[in-house]
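Just so it is clear, none of the values below were taken in a lab; they were calculated from the coordinates. None of the values given here were measured: they were computed from a predicted structure.
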């Protein structure tokens, strides 16, 4: 039986949960956020899930909120099809930032549904970054992350 809560946190709120998984989503619409929420909820039974996102692109008015939120996040999922340069820089800067001093794993997951047609995704691939191409692949990755205890 699930004994956890899911929180949706948008600017300017900086809601903190006592324990659980925190995910920062950039460049996703409400429908995609709902799908991603369900992907994580399959694995979160006894702790909270917090989804941080902005209904609009991150800009000079929301950058401080986004930076503080990214630093708290366990995962940052970046939609390469719908992000601006500020969001890309923010994700890159926070890729290895963690409130857990012992956690040095990458936390940015790059997503595109345009495949190699997205020049940014192609560039990320050329750097050796992983890029997820479908919601099904994203779901499989989340399943693997939790099955392996990440």
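Assorted remarks:
- Springs between Cα atoms under 10 Å define the GNM used for the chain, and in it the highest mean-square fluctuation of 34, 47, 139 occurs at 34.
- In terms of its C-alpha gyration tensor, the range 6-110 has a rounded overall shape, because the principal axis ratio a/c (a ≥ b ≥ c, square roots of the eigenvalues) stays below 1.5.
- Mean separation of Cα contacts under 8 Å (6+ apart) over length of the range 6-110, as relative contact order %: 33
- If the segment from residue 7 to residue 89 were pulled out straight at 0.36 nm per residue, it would be longer than the present Cα-Cα gap by 27.0 nm.
- Gaussian network model of the chain, springs between alpha carbon atoms under 10 Å - residue of 51, 138, 80 with greatest fluctuation: 138
- Computed [θ] at 222 nm, helices only, for the chain once each DSSP H run of length n ≥ 4 contributes -39500 (n - 2.57): -10500 deg cm²/dmol
- Highest-MSF residue in the chain out of 45, 123, 53 [GNM, Cα springs under 10 Å]: 123
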